[in-house]
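Trainee: One structure is given below, represented as structure tokens, and several questions about it will come after.
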Amino acid sequence: MQEIDFNKIQNELLAFTKTEVSKFLAAHPDEVFYAFAFDCNAEDAEVNLCFNTESAFSTLLAESQSGKYKASYQTVEQINELRYNTGDWEYQSFATTYVLSEEELFGDGEDDDHEETEDDEGPANELTQNLLLHFSKTLVEFTKTEEYQKIHKTPDFKIFCIDHDENLDEAELRMSSFS
């Protein structure tokens, strides 16, 4: 596997985020957001940009609390899990980038059939963890930009970088190491 330039990845991801958030905000000038997230599939070097609004969440919560699975959305913990589940957000994946090519991720194709397991401590798992760290660091850097300042935010606005198979606590713990 070739050497990965994480600084280049961070610079390109930051530029992508600034550009896409600027475009998004121009298209949604009157909306106020309670959260912005990098929703990642780090195993594939994928980063999805996501926003949600209080009104969209209120609608989702009302539907969830009155539907077939209403028992699953009653406690504060369950409500927060729904609130920060980017897959349910109104603006889930409004922009997507892949920070590495398949060749950079998988090499020359010899290992394409290799299935990662949750306990796999191989190079791919290490790369996934490194990517998540650099994605999180980039998101913290984004908070220092002019584009970030232009976001209409609720007082409790939250940013986080979350991988598809982790929970918010894990994502926030990783983010806290950079703030």
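Trainee: Test residue 2 against the stated conditions and say whether it is surrounded by 14 or more Cβ atoms within 10 Å (Cβ to Cβ) and either modelled with pLDDT of 95 or more or over 22 Å from residue 155 (Cα atoms) (or both).
Mentor: Values: surrounded by 14 or more Cβ atoms within 10 Å (Cβ to Cβ): no; either modelled with pLDDT of 95 or more or over 22 Å from residue 155 (Cα atoms) (or both): yes.
No; evaluated as a whole, the condition is false for this residue.
Trainee: Quick check: anything in region 105-116 assigned to a loop (DSSP other than H, G, I, E, B), modelled with pLDDT of 85 or more, open to solvent by 60 Å² or more (accessible area, probe 1.4 Å) and not aromatic (Phe, Trp, Tyr)?
Mentor: Here is the first cut: in region 105-116, the residues assigned to a loop (DSSP other than H, G, I, E, B) are 107-116.
In the following step, the residues that additionally are modelled with pLDDT of 85 or more were identified as none.
Scanning region 105-116, I find no residue that is assigned to a loop (DSSP other than H, G, I, E, B), modelled with pLDDT of 85 or more, open to solvent by 60 Å² or more (accessible area, probe 1.4 Å) and not aromatic (Phe, Trp, Tyr), so the answer is no.
Trainee: Go through region 159-176 residue by residue and tally those that are open to solvent by less than 60 Å² (accessible area, probe 1.4 Å) and more than 12 Å from the chain's Cα centre (by Cα).
Mentor: Counting residues in region 159-176 that are open to solvent by less than 60 Å² (accessible area, probe 1.4 Å) and more than 12 Å from the chain's Cα centre (by Cα) gives 1.
Trainee: Further question on the same structure: Restricting attention to region 51-93, report how many residues are closer than 24 Å to residue 22 by Cβ and charged (D, E, K, R).
Mentor: The total comes to 2.
Trainee: Same structure, new question: Can you tell me which residue in region 121-177 is nearest to residue 27 (Cα to Cα), limited to those that are at pLDDT below 95 and hydroxyl-bearing (Ser, Thr, Tyr)?
Mentor: It comes out as 176.
Trainee: Going through region 140-170 one residue at a time, which ones are assigned to a helix (DSSP H, G or I), under 18 Å from residue 85 (Cβ atoms) and in contact (Cβ under 8 Å) with a residue 12 or more places away in the chain? Steps first, please.
Mentor: First, pick out the residues of region 140-170 that are assigned to a helix (DSSP H, G or I): 140-142, 146-149, 168-170.
Filter once more, so that each one left must be under 18 Å from residue 85 (Cβ atoms): 168-170.
Selection gives 168 alone.
Trainee: Within region 52-101, which residues are in a helix (DSSP H, G or I), among the charged types (D, E, K, R), open to solvent by 60 Å² or more (accessible area, probe 1.4 Å) and out of contact with any Leu (no Cβ under 7 Å at 6 or more places or on another chain)?
Mentor: Within region 52-101, 54, 63, 70, 77, 81 meet the criteria.
Trainee: Only one of 15, 56 is small (Gly, Ala, Ser), over 24 Å from residue 136 (Cβ atoms) and at pLDDT 95 or above. Can you tell me which? Explain how you work it out, then say what you get.
Mentor: Working: 15 fails: over 24 Å from residue 136 (Cβ atoms).
After applying the criteria, what remains is 56.
The values are calculated or read from the model by the stated rules, or taken from the named source; none is laboratory data. If you're wondering where the values come from, they're calculated on a predicted model, not measured in any experiment. Positions of Cβ are generated from backbone atoms using ideal geometry, with glycine treated the same way; all protein chains shown enter the neighbour counts. For accessibility, only protein heavy atoms count, side chains too; no ligands or nucleic acids. Shrake-Rupley method; radii C 1.70, N 1.55, O 1.52, S 1.80 Å.
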